[in-house]
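Right, one structure below, let's go through it.
The values are calculated or read from the model by the stated rules, or taken from the named source; none is laboratory data. Being a predicted model, the structure only gives us computed values, none of them experimental. Because the Cβ atoms are built from the backbone with ideal geometry, glycine has one as well, and the counts that use them run over all protein chains shown.
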Amino acid sequence: MKILIVDDSVSVRKALERLLAPRQYHVLSASSAEHAMELISNDVPQLIIADVVMPNMNGFELTAKLKSLDRLRHVPVLLISGIVDAAVTAQAKEAGAEGVVSKPFTPEDLFPRIDAALAKAGQAEVQEPLATLEPIDIPEVVEIAPKVNTGHGVDFSNHLAPFLEKPEVETVLIVATTVDASVLAEHGKPLDEAPLIGTYVRTLTSISNGLGINLGGEDLHSFSLEYQGKSLLVSRINDTSAIALIVNAPSVPSTVRYLATRQMPSLQQAFA
């Protein structure tokens with residue numbers, strides 16, 4: 001089963017490749033719509049996942065072009081976009097796409113849309129292996145999530161106050177890594193984009209879990225990345241939550257990393 005990813009962002013292509021790898025798809029990658037057309041001329045995939053915003057030819061235009069060609073019109077196209085509203089959805093439908101997936105995305109966002117697109121396109125032969133290789137039992141997640149203490153109603157003040165004693169730490173967030181990606185607590189400098197960071201933390205923890213298992217056989221419990229010239233340190237508290245630190249430094253100091261490790265038992269106890 002071949003899936004072609006079309007996106008001018010290297011990081012998005014890599015993220016999608018990591019999400020798709022556990023399903024044993026053969027993933028092709030193109031950095032532009034033009035590059036995608038070159039690849040398709042030699043090797044037609046069973047599904048195309050394309051970004052909406054790309055230079056020269058955007059995702060809508062690529063989809064319309066594919067649907068205008070008899071040889072390729074049967075290939076389903078899923079679009080991905082940072083903004084999904086009525087106008088984007090309508091334009092995707094008009095172009096012939098199967099739908100639009102919002103960025104950032106997680107396996108539970110993406111896989112059902114992939115399965116539905118392939119089924120609609122008549123790719124019946126892939127349904128059995130897809131069911132066998134399904135890495136996420138979505139009904140189980142929906143059923144179990146309400147029974148888990150996600151931290152709502154918990155006062156985290158005493159647990160988060162030590163982080164703000166470090167001058168490099170601007171803001172501390174506790175985020176639910178479940179479907180809603182809600183911010184359970186926020187201390188320090190207020191952030192207008194806290195909900196967006198919550199969504200990204202949820203996505204990144206999902207990706208890091210899969211990456212850790214694929215590379216080393218274990219989940220990655222902590223990771224950091226640059227965030228608008230600052231640093232974002234994320235550490236998993238448990239299966240349903242994580243702590244995120246906004247650090248005013250190009251890299252996370254070892255003292256802050258040590259503090260996150262030291263405070264983890266008390267944070268885990270708060271969720272018990």
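Every residue, every condition in (1) at pLDDT below 90; (2) closer than 22 Å to VAL12 by Cα, yes or no:
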position: ALA30; (1), (2): no, yes
position: ALA33; (1), (2): no, yes
position: ALA36; (1), (2): no, yes
position: ASN42; (1), (2): yes, no
position: GLN46; (1), (2): no, yes
position: ILE49; (1), (2): no, yes
position: GLU61; (1), (2): no, yes
position: SER68; (1), (2): no, no
position: ILE80; (1), (2): no, yes
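Would you confirm whether or not region 98-108 contains a residue that is hydrophobic (A, V, I, L, M, F, W, C), assigned to a loop (DSSP other than H, G, I, E, B), in contact with a helix residue (DSSP H, G or I) (Cβ under 9 Å, 6 or more places away or on another chain) and within 21 Å of TYR200 (Cα to Cα)?
The answer is yes; a qualifying residue exists.
Count, please, the residues in region 33-52 that happen to be assigned to a loop (DSSP other than H, G, I, E, B) and crowded, with 17+ Cβ neighbours inside 10 Å. Step through it out loud before you land on a result.
Taking region 33-52 and keeping what is assigned to a loop (DSSP other than H, G, I, E, B), we get 43-46, 52.
Subsequent filtering for residues that are crowded, with 17+ Cβ neighbours inside 10 Å retains 45-46, 52.
Total satisfying the criteria: 3.
Under 24 Å from the mean Cα position of the chain (by Cα) and surrounded by 14 or more Cβ atoms within 10 Å (Cβ to Cβ) - does that describe any residue in region 61-70?
There is at least one residue in region 61-70 that is under 24 Å from the mean Cα position of the chain (by Cα) and surrounded by 14 or more Cβ atoms within 10 Å (Cβ to Cβ).
Hey, among ALA21, ALA15, which residue is at pLDDT below 90, on the phi < 0 side of the Ramachandran plot, surrounded by fewer than 18 Cβ atoms within 10 Å (Cβ to Cβ) and part of a helix (DSSP H, G or I)?
Checking each option against the conditions leaves just ALA21.
Yes or no: LEU118 more than 28 Å from ILE197 (Cα to Cα) and outside the structural domain of THR177 (by TED's automatic domain parsing)?
Judged against the criteria, LEU118 is a match.
Got at least one residue in region 79-94 being in a loop (DSSP other than H, G, I, E, B), in contact (Cβ under 8 Å) with a residue 40 or more places away in the chain and of a type in the set (A, V, I, L, M, F, W, C)?
For region 79-94, residues in a loop (DSSP other than H, G, I, E, B), in contact (Cβ under 8 Å) with a residue 40 or more places away in the chain and of a type in the set (A, V, I, L, M, F, W, C): absent.
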